[in-house]
Amino acid sequence: MTPPPSASPASPATATTPAAARPAAAAGAGWFDRRGWRDVIIAAPYLWLVVFFLVPFLIVIAMSFATRTPTAPPFGFGGENPILNLQGYRRLFTDDLYIRAFLTSLLNAAVATLLCLLVGYPMALALTRVSPSRRNILLMLVVLPFWTSFLLRVYAWMGLMGTNSWFNRLLTDIWNFLVPADMALRYVPMMNTNFAVVLVMVYTYLPFMILPLYASLERLDPTLDEAAMDLGSRPAQVFRDITLPQSVPGIIAGGLLVFIPAAGELVIPTLVGNAGQPMIGRVIADEFASARDWPMASTVAVALLFLMVFPMMAYTHFQARSEERRKDAP
Amino acid sequence: MRRRSTFLFTVMAFGFAFFYVPILSMIFFSFNASRLATVWGGFSTKWYAALFRNQQVLDALVLSLKIALLSATCATILGTMAGIALARFRRFRGRVLFSGLVTAPLIMPEVITGISTLMFFILLADWVGWPGSRGFTTITLAHITFSMVFVTTVVHARMLQADAAIEEAAMDLGSRPWQVLKDITLPVISPAILSGWLLAFTISLDDVVITSFVTGPGNTTLPLLIWSKVKLGVTPDINALATLIVLTVGAGVLIAGILLQRAERRRERDMQLAYRANQ
């Protein structure tokens, strides 16, 4: 993901100088080589991202080693404070709060990802099997919730999960019908639980699972299935031996698109989650805003990044390698 | 092999019900006369009427639209530049860092982007005295940053599909770089620029987490207003506001989708006509 920070200070400046542009131009880079157009096109977004993304990001990393002080802004470096304060990282591994928050986030995100896969895979497969005209409409219906407000989609479920909503009463009736009388409930406790968090995560992130799965399933060659069927395979075998292995890149892409935002989620656990079992995003926000402990908030943020940077790097590596293999194949 | 699988289609039906039942329920209860948001008390449009008289909501909407228009436009310009740079300039110093910088914001959790940007603004104000107060400017700057990378992704993908040979041919025939950009590159990638702008606009209009960090007193965008109310529970006036937002966005996406599909069909027909004419 983010390259080593040590490379940052020099490169944006050098990228803008004509001296840096000329060797690339000599290598035949294309049509923009004259008159510094090239430099402007590279430098403007480059400088923007360095100033407004890379520098703030480096501040977080540096802040995770700072010491909390009762000043404004509430941190100290050097002087009477240690240059590198590792207290935050020590707390990360010893304080129960952080360990439990990481485990809750990991569990919620993993369950949500798995459920998205279980629901999204059949949906994506079904989408490849409808007529093209109907498929476009259905795909639009998959994407439509993605365009509407994220916050309002979470809110829509708050309306359904509340103790006296029609949905909750329906579930309560079903439950009371199925279980013996002494286990009857007045309502199903859904709000402010991890179940609610997972359910709403599946709801909001399902399109991110369906779309990459659909993209990889759509590319599959149907004649392979036919050949396997002609040779006597049953549909379940065709799925296990042909469809599933070929859709692995889609599964990985969809899985990361769901897992990464789910692990760092703040809005969903705040609105429908259990405040006694906060997820890691909530812990970062609370440390920062309520406790005004910038160094600790930054430490937790860095830890969260390292939980996710590695899967992402592994994924891009995997993707690049499988892409190469595909190109090598005749 | 288009075998019909009952299982697949059942799951798909349930999936679409899962997608739309909560939204339809919310729309239904926005016409509820009762103050209790989830118990039906008769049909009424009074929450909609109340909404249009609510100055707070209207102010928040105007602020959100202003920020979204400005940030989406800046993000589209910067993001398109980055997309062109990544697709056409194969080698420049710092390219690895650059391609890292345009993907990192996509996977960065919003909380981290929020606290890092806020710390940046506070420290900057401490060191150079700017920004003196947080609000419109800081929100817009933050929105440009996280939405420009979405534009870059869309434009970059389109640039990779487009044929660089046409641009080179125009150069060989004596066009200036500016002319090539104006007459060839931008028209070719214009659908991507348009969808990039729409994406940036929607993301800006929708953002809660990052905005909640970088905003200042008195600068409440529409999502922030909804956020502060929703935290207190479900109310019929939020149902009404949500219904208006969902229906507006839904209609916009449907119309855009139909127009795009029609344009695609026309292009296919033109290509077939051209092909037949050449035979």
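The values are calculated or read from the model by the stated rules, or taken from the named source; none is laboratory data. All values reported here derive from a predicted model rather than from experimental measurement. All Cβ positions, even for glycine, are placed from backbone atoms using ideal geometry, and neighbour counts span all protein chains on display.
Observations on the structure shown:
- Matching option when the condition is under 24 Å from residue A:307 (Cβ atoms) and either at pLDDT 90 or above or assigned by TED's automatic domain parsing to the domain that holds residue A:148 (or both), among A:224, A:244, A:217, A:271: A:271
- Only one entry of A:113, A:67 meets the criterion of being more than 9 Å from every other protein chain (Cβ to nearest Cβ) and more than 30 Å from residue A:222 (Cα to Cα), and that entry is A:67.
- Verdict on residue A:101 being within 13 Å of chain B (Cβ to nearest Cβ) and without any contact (Cβ under 8 Å) to a residue 12 or more places away in the chain: no
- Scanning the range A:54-69 for residues that are assigned to a helix (DSSP H, G or I) and either among the polar types (S, T, N, Q) or out of contact with any Pro (no Cβ under 6 Å at 6 or more places or on another chain) (or both) gives A:54, A:55, A:56, A:57, A:59, A:60, A:61, A:62.
- Yes/no for residue B:228 being loosely packed, with under 15 Cβ neighbours inside 10 Å and either in a loop (DSSP other than H, G, I, E, B) or more than 8 Å from every other protein chain (Cβ to nearest Cβ) (or both): yes
- In the set B:130, B:178, only one residue is exposed (fewer than 13 other Cβ atoms within 10 Å of the Cβ), in contact with a helix residue (DSSP H, G or I) (Cβ under 9 Å, 6 or more places away or on another chain) and over 22 Å from residue A:51 (Cα atoms); that residue is B:178.
- Answer from A:218, A:265, A:226 - the residue that is within 15 Å of residue A:122 (Cα to Cα) and either at the interface with another protein chain (Cβ under 10 Å from one of its Cβ atoms) or among the charged types (D, E, K, R) (or both): A:218
- Among the candidates B:258, B:166, the residue that is more than 7 Å from chain A (Cβ to nearest Cβ) and either hydroxyl-bearing (Ser, Thr, Tyr) or closer than 30 Å to residue A:134 by Cα (or both) is uniquely B:258.
For every residue, the table says whether it meets (1) of a type in the set (A, V, I, L, M, F, W, C); (2) closer than 18 Å to residue B:223 by Cβ.
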{"site": "B:16", "(1), (2)": "yes, no"}
{"site": "B:21", "(1), (2)": "yes, no"}
{"site": "B:28", "(1), (2)": "yes, no"}
{"site": "B:39", "(1), (2)": "yes, no"}
{"site": "B:44", "(1), (2)": "no, no"}
{"site": "B:51", "(1), (2)": "yes, yes"}
{"site": "B:64", "(1), (2)": "no, yes"}
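- Scope the range B:37-71; condition within 30 Å of residue A:167 (Cα to Cα), touching a residue at least 12 places away in the same chain (Cβ under 8 Å) and surrounded by 13 or more Cβ atoms within 10 Å (Cβ to Cβ); matching residues: B:37, B:38, B:44, B:46, B:47, B:48, B:50, B:51, B:57
- Flag for residue B:10 being surrounded by 21 or more Cβ atoms within 10 Å (Cβ to Cβ), of a type outside the set (Phe, Trp, Tyr) and more than 30 Å from residue A:47 (Cβ to Cβ): no
- Residue count for the range B:170-214, restricted to those that are of a type outside the set (Lys, Arg) and not in a helix (DSSP H, G or I): 5
- Among the conditions (1) in contact with a Gly (Cβ under 8 Å, 6 or more places away or on another chain); (2) crowded, with 20+ Cβ neighbours inside 10 Å; (3) outside any helix (DSSP H, G or I), residue B:92 misses just one, which is (1).
- Test: residue in the range B:138-149 that is under 18 Å from residue A:55 (Cα atoms), touching a Phe, Trp or Tyr at 6+ places or on another chain (Cβ under 9 Å) and more than 10 Å from chain A (Cβ to nearest Cβ): yes
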